[in-house]
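Accompanying notes for the structure given below.
Rule-based calculations on the coordinates, nothing more; no lab input. Keep in mind it's a predicted model, so treat the numbers as computed, not measured. Note: ideal-geometry Cβ built from the backbone for every residue, glycine included; neighbour counts use all protein chains shown.
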Ligand SMILES: *Cc1c(COP(=O)(O)O)cnc(C)c1O
């Protein structure tokens with residue numbers, strides 16, 4: 001499968017190059033040249049297939065013959081190694097829990113898949129690839145875990161000092177091996193700026209790539225979630241509305257890809273916190289990115305969502321057809337906390353702030369009689385322990401995979417300026 005840049009100034013390239021480069025030379029993000037729907041027979045009989053088989057069917061055309069089938073199946077087995085249950089919340093609403101992986105946020109699937117692809121592509125190459133990634137919290141842990149021990153791949157994670165939770169910090173600083181954490185004296189935007197500068201710096205001779213959702217190997221496997229939910233629900237519910245808590249809009253964009261592959265989805269709702277660039281765009285058709293605002297659902301604090309351009313491409317840049325299939329609403333922190341309380345009081349379910357924003361999106365959209373709403377629970381409540389325990393009368397039990405890292409030793413190199421990063425990368 002070939003990929004083109006959405007800036008249309010770089011030549012088409014292979015899956016392999018798209019993964020290794022991350023971003024095209026013209027700074028555009030990559031998009032697959034074709035999307036071929038899966039057979040109706042497969043979709044109708046989806047419950048007969050295992051999650052591994054479903055994932056393989058969904059992704060194989062996007063990889064093509066660049067990874068042999070047996071290897072791709074192996075990668076999928078390593079990636080899809082935990083459950084993705086839909087839990088009933090109300091009579092017509094359920095939540096798709098995506099947090100049963102090693103770092104308890106949905107990014108585990110994309111990070112692991114990308115790591116395994118990169119390791120495969122680099123297996124005969126003497127030069128190591130360096131994955132350079134800025135994180136506001138969750139991405140760092142998922143990437144550190146997903147790439148741990150990947151041969152020929154070094155990972156350098158930049159995170160803002162004092163701005164990530166203790167658990168998140170341990171997840172990204174304590175693994176060692178091929179993972180290095182750089183603790184930046186600054187905020188997330190400073191980390192992000194340093195990473196962008198490094199990508200453009202010709203004096204850095206290492207092969208650099210990024211591991212956020214602009215990378216096709218991190219973005220595309222997120223399609224699996226929507227198939228897994230459909231597999232669990234389609235016998236009882238025909239008209240499924242998905243609400244996806246959105247920041248960079250990679251996850252919801254993958255959902256729309258699943259729909260293009262033939263998965264029956266009635267409607268998509270992109271639910272955001274007060275970072276409302278996309279909800280505003282749907283109102284007046286003007287895309288006005290702005291600086292991000294800090295919220296309690298901090299993994300979605302994004303003012304210029306990098307995947308929205310892919311969503312527009314999926315609808316041929318036509319606002320009317322986009323609006324027919326897709327809505328987007330923004331919610332305040334107060335509304336989010338109220339909703340966490342409401343969900344807890346109604347059914348005893350502990351939603352994290354991101355999931356609560358997703359629930360609000362379904363309510364705002366409104367469900368018709370035959371519709372079933374699914375909001376994605378993108379992180380375990382333990383990852384946002386302070387907010388959850390402040391808002392709800394609960395004590396969240398620390399799951400085993402988190403307990404394991406809490407007692408690890410933090411190892412991070414402190415940096416303050418771009419030059420510090422550069423000297424680290426050049427040495
Ligand atoms: C990354 C993240 C999101 C946002 O996902 P996008 O694909 O960037 O829209 C939502 N919730 C959690 C917990 C996350 O870590």
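List of remarks:
- Segment 225-245-segment 370-427 distance, computed between alpha-carbon centres (Å): 27 Å
- Efficiency of FRET from Cβ geometry, residue 313 and residue 419, R₀ 56 Å, rounded to 0.05: 0.90
- Potential lengthening of the chain between residue 395 and residue 14 amounts to 132.3 nm, from the contour at 0.36 nm per residue minus the alpha-carbon distance.
- All-pairs Cα distance distribution in segment 147-229, expressed in whole percent, bin size 10 Å: 15, 38, 37, 10, 1
- Label sites at residue 44 and residue 193, each approximated as a point 7 angstrom past Cα along Cα to Cβ, lie 5.8 nm apart.
- Inverting the pair-averaged 1/r between distinct Cα atoms of segment 280-427 gives 18.7 Å as its Kirkwood hydrodynamic radius.
- Nitroxide proxy distance, nm - points 7 Å out along Cα→Cβ at residue 92 and residue 71: 4.9 nm
- Antiparallel bridge percentage (DSSP; both residues within the chain; nearest 5): 20 percent
- Relative contact order %, the chain, counting alpha carbon pairs below 8 Å whose residues are six or more apart: 18 percent
- Gyration tensor (Cα) of segment 74-187, equivalent ellipsoid semi-axes in angstrom: 27, 21, 9
- Estimated FRET transfer efficiency (residue 342, residue 427; beta-carbon r; R0 41 Å; 0.05): 0.20
- Sorted by Cβ neighbour density within 10 Å, fewest at the top, the residues 199, 56, 99: 199, 56, 99
- Part-to-part distance (alpha-carbon centres) for segment 47-61 and segment 153-208, which is given in Å: 34 Å
- Look at the alpha carbon pairs under 8 Å that are at least 6 residues apart: their mean separation over the length of segment 155-305 gives a relative contact order of 16 percent.
- Across every pair of non-identical alpha carbons in the chain, the mean reciprocal distance, once inverted, gives a Kirkwood radius of 21.7 Å.
- Neighbour counts of C-beta atoms inside 10 Å place 216, 187 in the sequence 187, 216, starting with the fewest.
- By the count of neighbouring beta-carbon atoms within 10 Å, fewest first, 339, 95 end up ordered 339, 95.
- Efficiency of FRET from Cβ geometry, residue 233 and residue 283, R₀ 30 Å, rounded to 0.05: 0.45
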